[in-house]
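Asks: Okay, handing you the structure first.
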Amino acid sequence: GLDISALLKETGDVTLDTGFVNTASCSSAITFIDGDKGILRYRGYPIEQLAEHSNFLETTYLLIYGKLPTAQEFAAFDAKVRRHTLLHEDLKLFFNGFPRDAHPMPVLSSAVSALSTFYQDSLDPFDPDQVEISTFRLLAKLPTIAAYAYKKSVGQPFLYPDNSLSVTENFLRMTFGFPAEPYELDPVVVKGLDLLLLLHADHEQNCSTSTVRLVGSSQANMFASISAGINALFGPLHGGANQQVLEMLGALHSSGEDPQAFMTKIKNKETNQRLMGFGHRVYKNYDPRASIIKATADEILGKLGADDPLLEIAKRLEEIALADDYFVERRLYPNVDFYTGLIYKAMGFPTRMFTVLFALGRLPGWIAQWREMINDPATKIGRPRQVYIGEAARDYIAMTDR
Ligand code: ACO
């Protein structure tokens, strides 16, 4: 009901773009998305090729440094990440302060924020050496923090990292292993998790990444900016959706509700619930990450011997949506979150860890974007304008006269 053009005249040259649907906040050379065609490229490389030939750590290098590493560069990068996996013993104590049933996402963001108290020597955003060391600290320590957050939530002892293992292997061992007991890595799980992390590694100016850039634009350090990004990711409309998808599928399974009836309720808006894992601000076509994940879901679940009835329900919901005018007209397709939860579940992760896994995957993107932002001479502090719609000027009235 607002007459925006009249307001624009009154407020001067500002544009009202709620949710930034059509406003670019920066220029970036990292990730390309064509939402109509369903194209995603990191530094020019199609996501499908990276999924097939690369791995999470190599893609991390690509996002941050803008090129694929040579064998030597990769080995040096890998060695450096492995060297920084340990947490300060005092940071370990930090976990004791949280309640036993703490959700691991706020634990993760709090611990990342706390890193800036442990590494006060590397907080200058304009010192390239300090930025570099913070990069390695984050890449190496976030998996350790995530595994500790998990161990805390199940009341099990923490495991120190084993730096003979890759990032992904180390994370799995710290999450599911026990001290002084050998942990046998399942190659299907290692490969599957590595692929999922790679597929999440960047997605240009989404809510969490924009948050990282906005906080960083005030020249706040990388730990502070990325901690803010983790909190943004926790929301159910963003990274939190992967947990919600599985809860939705689980509820449908246990209630025995007919998927068609459930979908009808959603499209008639008889419920506040949306079809979680569907729809995307940019993709108005099948999310290319979801295509890869759907194809691997069957394979991984099959190899892990996890015959999950929830996968059937998910496929049925997708089938209904793709043939339904409501979803077709609004161009709502499965997004990255629709099938990931089923794979994480088959790997043994509890639903509360799903968004943490998203954060582990997205970290290279946050780092690459923060670094691009800080090095871009065009960067200014992020400070959106507004269209004021409140009261016009009026005089204060004494309390006795109101
Ligand atoms: N289920 C049902 N209806 C939907 C859904 C959905 N998942 N998504 C959008 N719609 C409908 C809206 O109700 C609206 O319909 P209307 O015009 O009749 O009111 C229309 O589609 C447009 O929706 P918007 O909310 O304007 O789209 P927006 O671009 O703002 O939202 C979002 C995108 C948040 C992803 C949305 O599709 C959604 O809520 N999806 C479910 C949550 C989810 O899966 N989030 C993960 C996103 S991907 C990621 O972060 C990795």
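The values are calculated or read from the model by the stated rules, or taken from the named source; none is laboratory data. On a predicted model such as this, the values are computed, not experimentally measured, just so you know. Positions of Cβ are generated from backbone atoms using ideal geometry, with glycine treated the same way; all protein chains shown enter the neighbour counts.
Asks: Out of the residues in segment 206-233 meeting the condition of being surrounded by fewer than 21 Cβ atoms within 10 Å (Cβ to Cβ) and not in a helix (DSSP H, G or I), tell me which one is nearest to the ligand (Cβ to nearest atom).
Replies: Restricting to residues being surrounded by fewer than 21 Cβ atoms within 10 Å (Cβ to Cβ) and not in a helix (DSSP H, G or I), the top hit is 217.
Asks: Kindly evaluate residue 202 against the criterion of being within 12 Å of the ligand (Cβ to nearest atom), among the acidic types (Asp, Glu) and either more than 10 Å from the chain's Cα centre (by Cα) or crowded, with 24+ Cβ neighbours inside 10 Å (or both).
Replies: It is true that residue 202 is within 12 Å of the ligand (Cβ to nearest atom), among the acidic types (Asp, Glu) and either more than 10 Å from the chain's Cα centre (by Cα) or crowded, with 24+ Cβ neighbours inside 10 Å (or both).
Every residue, every condition in (1) surrounded by 24 or more Cβ atoms within 10 Å (Cβ to Cβ); (2) under 10 Å from the mean Cα position of the chain (by Cα); (3) small (Gly, Ala, Ser); (4) away from the ligand (no atom under 15 Å from the Cβ), yes or no:
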{"residue": "327", "(1), (2), (3), (4)": "no, no, no, no"}
{"residue": "334", "(1), (2), (3), (4)": "yes, no, no, no"}
{"residue": "340", "(1), (2), (3), (4)": "yes, no, no, no"}
{"residue": "350", "(1), (2), (3), (4)": "no, no, no, yes"}
{"residue": "356", "(1), (2), (3), (4)": "yes, yes, no, no"}
{"residue": "364", "(1), (2), (3), (4)": "yes, no, no, yes"}
{"residue": "370", "(1), (2), (3), (4)": "yes, no, no, yes"}
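Asks: Buried (at least 20 other Cβ atoms within 10 Å of the Cβ) and under 18 Å from residue 370 (Cα atoms): which single residue out of 122, 113 fits that description?
Replies: Values: 113 fails: buried (at least 20 other Cβ atoms within 10 Å of the Cβ).
Checking each option against the conditions leaves just 122.
Asks: In segment 293-309, how many residues are more than 16 Å from the ligand (Cβ to nearest atom) and touching a residue at least 12 places away in the same chain (Cβ under 8 Å)?
Replies: 10
Asks: What's the number of the only condition in (1) more than 23 Å from residue 199 (Cβ to Cβ); (2) surrounded by 21 or more Cβ atoms within 10 Å (Cβ to Cβ) that residue 242 fails to meet?
Replies: The single condition residue 242 does not satisfy is (1).
Asks: Which one is farthest from residue 204 (Cα to Cα) among residues in segment 277-292 that are touching a strand residue (DSSP E or B) at 6+ places or on another chain (Cβ under 6 Å) and more than 9 Å from the ligand (Cβ to nearest atom)?
Replies: 290
Asks: Which is out of contact with any helix residue (DSSP H, G or I) (no Cβ under 6 Å at 6 or more places or on another chain), modelled with pLDDT of 95 or more and not in a helix (DSSP H, G or I), of 394, 362?
Replies: Every option except 394 fails the conditions.
Asks: Which members of segment 121-167 meet the condition of being under 27 Å from residue 102 (Cβ atoms) and outside any helix (DSSP H, G or I)?
Replies: The answer is 123, 155, 156, 157, 158, 159, 160, 161, 162, 165.
Asks: OK, next. Given the residues 202, 194, 186, which is the only one that is over 24 Å from residue 118 (Cβ atoms) and in contact with a strand residue (DSSP E or B) (Cβ under 6 Å, 6 or more places away or on another chain)?
Replies: After ruling out the rest, the residue left standing is 202.
Asks: On the given criteria, is residue 170 assigned to a helix (DSSP H, G or I), surrounded by 21 or more Cβ atoms within 10 Å (Cβ to Cβ) and either in contact (Cβ under 8 Å) with a residue 60 or more places away in the chain or within 16 Å of the ligand (Cβ to nearest atom) (or both)?
Replies: Judged against the criteria, residue 170 is a match.
Asks: Evaluate segment 252-267: report whether one residue or more is part of a helix (DSSP H, G or I), basic (Lys, Arg), surrounded by fewer than 22 Cβ atoms within 10 Å (Cβ to Cβ) and within 12 Å of the ligand (Cβ to nearest atom).
Replies: Yes, segment 252-267 contains at least one residue that is part of a helix (DSSP H, G or I), basic (Lys, Arg), surrounded by fewer than 22 Cβ atoms within 10 Å (Cβ to Cβ) and within 12 Å of the ligand (Cβ to nearest atom).
Asks: Do we have any residue at all in segment 90-108 that's at pLDDT below 95, within 16 Å of the ligand (Cβ to nearest atom) and part of a loop (DSSP other than H, G, I, E, B)?
Replies: no
Asks: If you don't mind, another one. Given the condition touching an Asp or Glu at 6+ places or on another chain (Cβ under 7 Å) and surrounded by fewer than 18 Cβ atoms within 10 Å (Cβ to Cβ), answer yes or no: does some residue in segment 130-141 qualify?
Replies: yes
Asks: While we're here: Quick test of your reading of the structure: residue 272 fulfils all but one of (1) within 13 Å of the ligand (Cβ to nearest atom); (2) in contact (Cβ under 8 Å) with a residue 12 or more places away in the chain. Name the failing condition by number.
Replies: (2)
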